[in-house]
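Peer 1: Sharing a structure, written as C-alpha cells. Questions coming.
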Amino acid sequence: MRGAKSSKVKGMENLMDKIVSLCKRRGFVFPGSEIYGGLANSWDYGPMGVQLKKNIQDAWWKFFVTSRLDMVGLDAAILMNPKVWQASGHVACFNDAMVDCKNCKARHRADHLIEEAVGNIKVEGLKPEDLDKLIAENKIKCPDCKKQDFTPARVFNLLFQTHIGPVANDTEPVYLRGELAQSMFVNFKLIQESARKKLPFGIAQVGKVFRNEITPGNFIFRTLEFDLMEFEYFVKEGEWKTWFEFWLKEMHRWLGVVGIDEKRTRVREHTPDELSHYSKRTVDIEFETPFGWKELYGLAYRTNFDLTNHQKHSGKDLQYFDPETNEKLTPHVLEPTFGLTRSVLMVLLSAYEEEMVPDAAGKMEPRVVLRLNKSIAPFKVAVLPLSGKLNEEAKKVWEQLSPHFTTDFDVTGSIGKRYRRQDEIGTPYCVTFDFDSQNDHSVTVRDRDTMKQDRVKITELVDYLKELF
Ligand code: GAP
C-alpha cells in the first residue's frame, strides 16, 4: 500500500550498487532506452531478468490460482472506460502531495520528505496544509541542496492520461490503469456467473500498471510502470476477519516459495490516516532493504466499497444471489497484492551472497553467488564442455536435458570463469563434459551452493537431476 518508512541498514550500503551492476553485467535488468541516454526510472528486463520474472509469476499463479478450487483468473484490457476510474475514486483520490525546492527546483513527495527527515513518523494521508506545517515545524531542508525553501504542498493525481483517436482535444481522456483491481470488480458478475462460483471465491490477475510517481527510484523498487500480481477475494461481510488472517498466513508461506528472506520482513498495520480511500484495514509486508524498511506486499480489506460504487455509477446489478439464504448481497473483498517487479528486487536482495572459496590451485578467491530458490532460477542447469573439441558431444547432453529443465549451453571462457558466471545468475547445477566423458559416458555435476561435484552416468542424468528439484 502506498508509502513506507525508511531507515538505513548498517553494512548494506553498497549492496544496491552491487545488485544493479550484477543485473546489467549478467543480463537481468538494463536501463531503458540506454543508447539514447535512457529514460529516467524505466528499466528493461534482459534474458535472465525476463526468465526470473516469468518464473516468479508462474510460481505465484500456481500457488494462488491453479492449486485452488476457489480461484479463477482474468486478463483484462489496460485501457478501460474512464467512468471506471471516476466510480472507483481514483480520479478524485489517487493522489500524492508534492513540494518543490524553490532554490534547486528538486521535486519531492511531501510525505517521504518528512518521514525521511523526522524518522519515526507516519504522515501519509495528511492534508497539504498539515504537511506544510510539519515541514516548517521540523525545519526540514531539501535533501539535494540543503536549503529550507519549499513551495506549499499540492496534490497530484497519479493516473497517466492518454487519448483515443487522432485529435487529443476532441475526446475525454482515458487512463492507463493504476491498479488491476478495478477490472476484477467490473467483471465480477460475468466471471461469477460464467465460472459458476459460489462465495467465497477470488479473481486473480497479473499485468502492467502505470503510476505517474513524483519520486520514483531505488532501481526497480519504485517505477512508473510495473507488473502487479493481485487478487480480489469475495466473501460475506461477517467472514472478512477470518479470511484476512488466512490470506496473511498464505502471503507469508509465499515468501518461502519464492525465496524472499522472511527474517528480513515485518508486518506493519496502516494507521487510520494512512488507509486508502477504499480500505477499512490494511497491512503491509515490509522488507528491510539497504534503503530502509519498505513495502513489499499489501493486504487490504476493501469492504464492498468498489462493487457498491460500480453498481451506483453503471446502474448495473452486481449483487450476488446467495443460494443458501435466497437473498441478494454485495460481497465484501479481501485484496492481497504483490508487486512482481518489486518481488524480483527482494528475491535478488535475499539471494545475493559473497564468499571466499578456493580456486583450482587452492588459492582463496571471492565468489558472488545468487542462492535463488531452484524453482525460480532462470536456468536450472548449464552444460559446460571442457574444451571446444567436446562441443558436439556435449550438445547431445544439452538436447537430453532441455525438454526437462531450462538449460544453458555455455562454451566461452575457462571452466572456472563459466562456474562463476553460472553462480552469478543462480544456476543450481553445472554439468561438465570432459575428456573422460567420452570413455566413461559420465559427466560431473557441480552443486551451486556446496560446490560439491558428483560423477553421474549420462543415461541417468535426467533422473538424477529430477531428484534434486
Ligand atoms: N490494488 C491495490 C494496490 O494497487 P498498492 O499498495 O498501491 O495497492 C500494490 O500497490 C503493490 O504494487 C505494492 O505492494 C508494491 O509491491 C507494488 N508497487 C506499488 N507502487 C509501485 C511502483 N511505483 N513501482 C513498483 N512497484 C510498485
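Read-outs: derived from the displayed coordinates by stated rules, not from any lab. All values reported here derive from a predicted model rather than from experimental measurement. When we count neighbours, we look across all protein chains shown, and the Cβ atoms used for this are built from the backbone with ideal geometry, even at glycine.
Peer 1: In whole angstrom, note down how far apart the Cα centers of segment 406-446 and segment 328-383 are.
Peer 2: Using only Cα atoms to place each centre, the spacing works out to 21 Å.
Peer 1: Please compute the contact order of the chain in relative form: average sequence separation of alpha-carbon pairs under 8 Å and at least six residues apart, divided by the residue count, as a percent. Mind dumping the intermediate values first?
Peer 2: Details: 860 pairs, mean separation 68.6, N = 469.
Value for the chain: 15 percent.
Peer 1: Could you give me the ³J(HN,Hα) list for segment 241-246, computed from phi with Karplus coefficients 6.51, -1.76, 1.60 and θ = phi - 60°, whole Hz, x at Gly and Pro?
Peer 2: Ordered by residue, 3J(HN,Hα) equals 5, 4, 6, 4, 5, 4 Hz.
Peer 1: Another one. Please list, in order along segment 19-31, the HN-Hα scalar couplings obtained from phi with the Karplus expression 6.51 cos²θ - 1.76 cosθ + 1.60 (θ = phi - 60°), rounded to whole Hz, x for Gly and Pro.
Peer 2: 5, 4, 5, 4, 4, 6, 4, 9, x, 8, 9, 10, x
Peer 1: May I pose another question? Please report the base-10 log of the normalised intensity I(q)/I(0) for the chain, using a Debye sum with one equal scatterer per alpha carbon and no solvent, at each q in 0.06, 0.10, 0.13 (1/Å).
Peer 2: Listed by q, the Debye log ratios stand at -0.33, -0.86, -1.24.
Peer 1: Would you compute the Debye intensity of segment 354-395 from its alpha-carbon atoms alone, equal scatterers and no solvent, and pass along log10 I(q)/I(0) at q = 0.16, 0.18, 0.32 Å⁻¹ to two decimals?
Peer 2: -0.72, -0.84, -0.94
Peer 1: Going by how many other beta carbons lie within 10 Å of each one, how would you line up Ser33, Ser88, fewest first? Intermediate values should be presented prior to the final figure.
Peer 2: On the way: Ser33 11, Ser88 25.
Going from sparsest to densest Cβ surroundings: Ser33, Ser88.
Peer 1: Collect residues whose amide H, placed 1.01 Å from N in the peptide plane, falls under 5 Å from the amide H of Val29; neighbours closer than 5 in sequence don't count.
Peer 2: Residues meeting the amide H criterion: Lys24, Gly46.
Peer 1: Neighbouring Cβ atoms within 10 Å as the yardstick, rank Val456, Val91 fewest first.
Peer 2: Ordered from fewest to most neighbouring Cβ atoms within 10 Å, Val456, Val91 come out as Val456, Val91.
Peer 1: Given charges of +1 on the Cβ of Lys and Arg and -1 on the Cβ of Asp and Glu, with all other atoms neutral, how large is the dipole of segment 351-441 about its Cα centre, in debye to the nearest 20?
Peer 2: Working: 12 positive and 15 negative charges, 36 e Å.
Charge dipole of segment 351-441: 180 debye, to the nearest 20.
Peer 1: Taking Cα atoms, how many degrees apart are the long axis of helix 340-351 and the longest axis of the chain, rounded to 10 and kept between 0 and 90?
Peer 2: 50 degrees
Peer 1: Could you order the peptides 412-422, 338-348 from most to least packed, using the average number of other C-beta atoms within 10 Å per residue?
Peer 2: Working: 412-422: 16.2, 338-348: 23.5.
Top of the packing list down: 338-348, 412-422.
Peer 1: Then there is this: Calculate how steeply helix 305-314 sits against the longest principal axis of the alpha-carbon atoms of the chain, using the helix alpha-carbon long axis, and give the answer as 0 to 90 degrees to the nearest 10.
Peer 2: Helix 305-314 sits at roughly 60 degrees to that axis.
Peer 1: Can I ask one more? Please report Ile140, Ile285 as a ranked list, fewest other C-beta atoms within 10 angstrom at the top and most at the bottom. Walk me through the intermediate numbers first.
Peer 2: Numbers: Ile140 19, Ile285 23.
Result, fewest neighbours first: Ile140, Ile285.
Peer 1: If amide H atoms are built 1.01 Å from N in the plane of the peptide, which residues on other chains or at least 5 residues away come under 5 Å of the amide H of Met71?
Peer 2: Those qualifying (amide H under 5 Å, at least 5 residues apart or on another chain) are Gly202.
Peer 1: For segment 429-435, in order, what is each residue's ³J(HN,Hα) by Karplus, 6.51 cos²θ - 1.76 cosθ + 1.60 with θ = phi - 60°, in whole Hz (x at glycine and Pro)?
Peer 2: 9, 10, 10, 9, 9, 10, 5
Peer 1: May I pose another question? If amide H atoms are built 1.01 Å from N in the plane of the peptide, which residues on other chains or at least 5 residues away come under 5 Å of the amide H of Trp293?
Peer 2: Ser7
Peer 1: While we're here: By how many degrees, between 0 and 90 and to the nearest 10, does the Cα long axis of helix 391-401 differ from the longest principal axis of the chain?
Peer 2: 50 degrees
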